[in-house]
Structures are given as structure tokens and as C-alpha cells.
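Values in this text are rule-based calculations from the coordinates and carry no lab data. On a predicted model such as this, the values are computed, not experimentally measured, just so you know. Glycine also receives a Cβ, built like all others from the backbone with ideal geometry; neighbour counts cover every protein chain displayed.
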Amino acid sequence: MNKTLPKFLKRSLFALGVMGSLLSAENSFAQKKKKKDKDAPAPTAPAKASNGPSTGPKPYNEVITAKAKTKDGLFKVHQIDEKYFYEIPDSLFGRDMLMVVRIAKTADGIGYGGENTNNLMVRWDKNGDDILLKVVSVNNYAADSLPISLAVKASNLEPILQKFSMKSRATDSTGVVIEATDLFNKDNQALGLQRNRRTQYKVSRLDTDRSYIEHINSYPINIEARYVLTYAASEPPSNSATGLITLELNASMILLPKVPMQQRLADRRVGWFARSYVDYGSDAQKASSRRYLDRWRLEVKPEDMEKFKRGELVEPVKPILFYIDPATPKQWIPYLIAGVEDWQAAFEEAGFKNAILAKEAPTAEEDPTWSAEDARFSVIRYFASDIQNAYGPHVSDPRSGEILESHIGWYHNVMNLLRNWFFIQTAAINPDARGVNFTDETMGRLIRFVSSHEVGHTLGLPHNFASSVAYPVEKLRDAAFTQEFGTAPSIMDYARFNYIAQPGDEGVSLMPNVGPYDKYAVAWGYRPIPEAKTPEAEQATLNQWILDKKGDPVYRYGRQGNSYDPTAQSEDLGDNAVKASEYGIANLKRILPNLKEWTAEDTKPFKDYADLEEMYGQVITQFNRYMGHVRTNVGGVEEVYKSSGEDAVVYTHTSKEVQKTAVDFLNKQLFATPTWMMDEDIIARIGDFGALERIRAIQVTSLNGVLDWGRLGRVIENEALNGNEAYKMTELFDDLRKGIWTELASGKTIDVHRRALQRAHIERLETLLTESPAQVPSQFRQFVGPQINASQSDIRPMARGELKTLQTQIKAAIGRSSDRMTKLHLEDALARVDKILSEESGK
């Protein structure tokens, strides 16, 4: 026997060896006996073990015994001791259902209670005496009436999530009984810990001895299963000594409508969360993608249709209703409710009144069956978390886009994020923001603002990053204008708070509200078109609604993620980034000298400088945002979606004048050292090192961002397309060099910040000369667009030419400098340039 085998395996092999010896002996004895007694009768078959394989369905009362605790609903759910049985009516086989899996309770470091982990469309099916739970995909489609539907089905075999043996037939023979226990307390990845977390925490197995079902409840259209799973993991995120991860999960199985809601087809000119499938049955001579909106089912009551057609507001058949999590601190509940109901005005544009409501969740006494995990209910969940965020997802019917429910995630520490933004962006003009603990009224208003934004996502609206540039900068200093229109046409932009307003602009609004774009988008997506009986029949009307707003920047949609469009940026305000940023910097210069006073709290017996440090960091961060807003104009390309029928361009290069102004701004505000941020009175209280590094990091990030491969590619293409009307690469490099190396011509002393910046400039030129941009894998190129071929572009000759120019200018400047450190720096810079050019030419 192999001595390296584990003990339990040695014992098993030993037992098998003994058994083999006995069998051999028995066989030998039988042969001898056969010779003696050839007429001995054949042995009878052994009796079948009571726990052996099932012979088929049993009588109902043998499976569902008197011990069963039964809950009626979508299915009857029977509990017998620790086992759970589903009694599935025949009428529900083949029906589409949605399985929504959420975390109910979790270990520290693994998500948060209420977090959605998986959505699956499933169907129950029969295969003889086996019941199959299949996962259904709608990624490929063709109508059943078309011959090609056979090919689509043959190419999209549905995976089987679980197979069950039929334990019995229902008492009236119109259904079947299965045991569902193993669906939830065995390792079913789709209903358990996600694959990425299994990998991250090095999960080896599910520990079934520590996993169990808490309960399974049945409701009229859904089944709710609550279960606890424990995994063995070598690197759990918390309680590492145990080597275990325990989660409590909730799986909601919701019956989808037998007849899906009519789709509304998407249009890129209006921002909307949409889903798609490949339609093999379309008239197009290719497999075309069909995109349709995610939206709630808001329908006009039949008795109100004539009122609706006359233009009167009507109540929908079923309004959108949000419950407020019972865990929410009481003082914030009214503001969360207000944030939901701010959207009433938008739905009025769609023809509905009282279309969206919010209220507190019922108490256990009022409704003992109510659960926040129940997928019938939309809830604003309050998480005890230090994450500074909130999010607004939704769950929708993949066949039609009908939104079924939403669980907005509200993290406790989002209040800290709101405090920081409001303080840094408005404290220069707003006494309510001058402190680290806001009044409940001030914080409540900020909570309402974020609540409205997240609710917008649950209605189907994505971020609209083009909204914030619709209003002229000077209008954002106008009290009458901002009180009427807010600070941006859409609350779905990341247009935070009014950093443009200056002291003396009394009464100016400080934040956006549900604005004109939001009302237009909701009307476009939700307003019924009674005469249109198909999605295609709606398109002419929907197109006309868009054309009615053509050319008005208030109603423009700009997608998130287009990093080269200066008119679709995050965190910006106004139609001129340079002017807006100059106003913002003026306010930061007013705030900085007051930081010590405004972050102090006299009520505490001891207070350190943590708040001062945090808010000083916020000043640096906000300044960096302004640099980014301006930088995006260099090599910028504006994207405005158009229909081919409009005969208008989609992409427009930023003008030469705007680009030159942007570089001039960076030279003056950033590359000429912003010494005003080096407040010694603050720095001496918050750290022993790092002040210089903060400034250097911003300067280098912006410099490298201007000389980014993709940005330079756009500059080159602009010149190729527009000639002398374009801001050429030669002009860009000249303007940067003149701003970064100003001291070369004058012989002035070069300070420590500028020395670091100049070295960074040399290093970036070396990168452009000798390296290439990182290649994006082919499967991801659709998300990042075309990539420039550096070795065949004008970038390398330009970088070499710049280094040679610097070589000449630095050499001439060394003798003009009388400052020792400046001279040493220039000698070092020259040596660096010489080395780069020498090594590059020697290749």
C-alpha cells in the first residue's frame, strides 16, 4: 500500500481488499458446491433497500403527509421537517418566470443586504417523470410562425439548472409534486455566491452541514426562498481564522405576464436603458439587433381613455410604488419620499397623475407577510455601510423590457460624500455649507436630490452627461433663471452643485431638479400612443416628438463614457469649461483660507484635524476636476446623435480657438505653479510629508492627459480633415513647451514644482518617441473605438523634434542661470534629453 496516501483512503482500500478476498473465497466455495449439488436452486434477488432509487411517483398522501405545513400561492409549498416540496400546477409548465437572487444578510466585505446578485429567466418543463428547471435566453429570437424559428431554437438549447424527480401527482391530477430542498441548500452557483467572489476568496466547496433553508413562502405571483449558505474558503474577506464564508440569500421566483407588455423601440437620440436581441425574423437581409426600452407598465384605464385622448390627466391602472426600508433613520424618510415623488411632474407630461408614489414599509403588525426581499415590492434599501454611494437598479422582463420592481441601494455614508461636495462647491456663497455637520434640513435637501437621481435610473433613464452644458455659464449666476430651470436641464447628469455662483449672487439655485429634459424623456418613453398597436407603428410619432426639440441643447442626450467629448462630461457646469472653471477656482481661493474655521467644532472636548485634512483634499480634488473639464477640449470631438433622415453630422471637432484657449488656461492655472494651494497653515496641521506631491500629481496627470495617444490621434485627424481650421499638433506642442519651459528664455529661477513638471514633460516625450499605446484585446475594442498606430503616425517625429528643440534651448539657458539648483536641474534635463536621443538613434 502507498504510504503517501491519506489515512481515510488507506482504510477504504483496505476494506476493498478485504471485500475482494471474501468475494474470491465465496466464489471458490460456490464452484466447489456446484460440483457437489448441480440441482441446487438459483438464489433469489435481494430485497430493494427502503432508501433506494424511486420507482416512480407515489400516492399523494405518502409524500405530503399529515406533518406537512402548507402555504398556498403561486405554487403550494409544503414543509415536512427540513424538507420542502413544490406542488406545481400543470398550467404553469412552460410559463416564463424570473428568478431574482439577492443578498439578505452577508459577511463583512461581501456586498450588502439587498444587493442583487443574479437574474435568470426560467421555465418549468416535464421530461417523463423528471421535472426540469431550465434557464431561458432571449438573446436570439424569431417568431414561432416563421420557419427560421426552428433554426433559432436548434442553436439555443436551454441549459438545465436543476432536475427533479416527480414525487407525486397533485390530488386532482392537474399538477406534480417535487422536492425542492436541494435547489437551495446544495451548491448551485446561479443561486449562490458569484463566480468572481468564489475566485477572489478561493472558495473550495459548499459546506452542506452548515447550509440550510430558513423558509420558503408562497405568494400569488411569486415564491420567496430564504436560505443560508456556508462556503469553505482559504481567503475569506473577514473572520479569516474560520476559513468560512456564510451568506443569507433570498431567491424570488416571479411569474411573468402570459402576454408580454408591448415593447417601445429605443432611439439613441433619447437616453434610455434598453435591452436587445438578435431578430432573425426581421425583413432585413441580415441578423439585425432589436433594441427596446426598460420601462414600467403604465396603462390608461379603459374607462379613462377618452379623457386621456382629450388631454386630461388620468391615473394609471397600477402606479409605481416605492417602500422606504424600515431600517432608514426616521429623519430622512420624508426627504426620500419627496425624491421619489419629484417625478410626478414628469409623468404628468406623459399624461398621468399620481403615477409614482412612496410610503413607509408596513410594520410586522400591519402586514406580517411583507418582506423587503419580496420581488413584488420596490424598496429604497438603507445599508449600514461606509461606502459613499447610492445606486438605482431595476429588474425587468427580458421579453418586453417591462420593469417589474427596483431596489434602490442607499449607503449610510453617502451623506459624507454629499457634505464634501456641497461644502467645496458652494461654501464660498452659502453659509449652510460652512461646517462639517449640516442641519437636518440641509442634509435632507441633499438626500432628496440624490433620491431623485437614483429614482430616475429605476424609471429607465441613464446618465445624460450632455445636459450640464445646455445653460450659458453667466445664466448660472442668475437667481431668477436658476430658480425656474435649476442648474441643468436634467437631474440625471452629474451636475452636482453650483460652483459657478459668486458672492453677491443672492437667491441663486444651488442644484438641479427634475428638469425639462427629464420631463421630455419620461413623456417620450411612457406616454401611451393608443392608435399604435405595434412597436413599429409607434415610431413615426416617437420620431416626431424628437424632431420637435431638434437643435435645442436642453433636450440633447449625451452618453456616459465618451471621454473625448467636452460637451458630455461628468461633474461640469455651463457651456464654457474655461469660464466656469475660472469661477470655480475663484471660489476655492475664498474657501481655502477659511477651512480651519469651518471644519472646527467647539462642542467636542477633543478634535483632531481629520476633517481639515479631508476638506483640504477636497479642494485639491475639485481643482483637479476643473483641469479635466478644460483638458477634454484639446482634441475634443462633440457627439450629437442624429437620424439619417435629418441629413446632419454626428461628430464635430472642437474649434481651434477653443482648443488654444484651453491650453492657455492650463499653462496659466496649472503649469504655472498654483502656489495658492500650498497653504502652510493647513499643511503643518495635516501631515509631515506629501504637499509637493499633491501638486506634482495634478500637473503630471494633466500633462500626460493632453499628450495622450488617443487625443493626439484626434488632433492629427482633425488637421487631415480640416486643414488650417484645425488646431495642429505642431501648435499644440509649441504652446505646451512655451508654457512649461518659460524660464529658458528669461533665465529666471525654476522652482521645485516647475522642475518636477519639466522632467515629467521630457519623460512623456520619451514615451511618445519610444513606446506604443497598450493594445486592447480584440473582444474589447468595440468599447474603446479605433486605436492609433504610433509607429506609423506623426507622433514620433513630433516628439523627436520637440526633444531636439529642448536640447538646443536648455543648452543655451544653462549659462544664463545664476541659481545653483536651477543650473543643476538644467544640466540634468540636458543629459536626459541627450540620452534619449542618443539611445533612440542607436537602435
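Observations, loosely collected:
- If you take all other residues with their beta carbon under 11 Å from the beta carbon of L736, and give Lys and Arg +1 and Asp and Glu -1, the sum is -2.
- Cα point-scatterer Debye curve for region 74-255, base-10 log of I(q)/I(0) at q = 0.09, 0.13, 0.15, 0.16 Å⁻¹: -0.37, -0.73, -0.93, -1.02
- Residue-span extension gain [E731 to K579] - 0.36 nm each, minus C-alpha spacing: 52.5 nm
- About its Cα centre, the chain has a charge dipole of approximately 3560 debye under the convention of +1 per Lys or Arg Cβ and -1 per Asp or Glu Cβ, with nothing else charged.
- Chymotrypsin sites (Phe, Trp or Tyr not before Pro) within region 606-695: DSSP coil, no more than 10 neighbouring Cβ in 10 Å: F606, F689
- Inter-site label distance for E366 and L92 at 7 Å from Cα along Cβ, in nm: 2.9
- The local environment of A390, defined by Cβ-Cβ distances under 13 Å, has a net charge of -1 under the rule Lys, Arg +1 and Asp, Glu -1.
- Using the Cβ of F347 as centre and a radius below 12 Å, the other residues enclosed give a net charge of -2, where K and R count +1 and D and E count -1.
- Amide H contacts of F352 (H built 1.01 Å from N, under 5 Å, at least 5 apart or other chain): V314
- Charge dipole (the chain, unit charges on Cβ, about Cα centre) - positive-most of L336, G584, I88: I88
- Estimated at 0.36 nm per residue, the fully extended path between E597 and A480 surpasses their Cα-Cα distance by 38.9 nm.
- Positive-end residue, region 74-255 charge dipole about Cα centroid, Cβ charges, pick of V203, T171, H215: V203
- Cβ-derived FRET efficiency at R0 30 Å, R268 paired with T534, nearest 0.05: 0.90
- Gain upon complete extension [E840, S165; 0.36 nm per residue less C-alpha separation]: 235.8 nm
- Distance (nanometres) between label positions extended 7 Å along Cα→Cβ at E717 and S385: 3.7
- In the chain, taking the dipole from charged Cβ atoms about the Cα centre, the farthest positive-side position among F422, A812, T675 is held by A812.
- Nearest-ten-degree value, helix 795-814 long axis tilted from longest Cα axis of the chain: 40
- If R0 is taken as 22 Å, the Cβ-Cβ distance between D819 and A672 corresponds to a FRET efficiency of 0.80.
- For the set K318/K642; K549/K642; K76/K134; K105/K607; K589/K668; K69/K186, the pairs lying more than 24 angstrom apart at their alpha carbons are K318/K642; K105/K607.
- Gyration tensor verdict on the chain (Cα atoms; rounded if a/c is under 1.5, prolate if a/b is larger than b/c, oblate otherwise): prolate
- Close amide H partners of R295, meaning residues 5 or more places away or on another chain with modelled amide H under 5 Å apart, are E402, I403.
- Cβ charges +1 (Lys, Arg) and -1 (Asp, Glu), total dipole of region 543-662, debye: 280
- Helical runs assigned H by DSSP (4 residues or longer) give the chain a calculated mean residue ellipticity at 222 nm of -11000 deg cm²/dmol, each run adding -39500 (n - 2.57) before division by the residue total.
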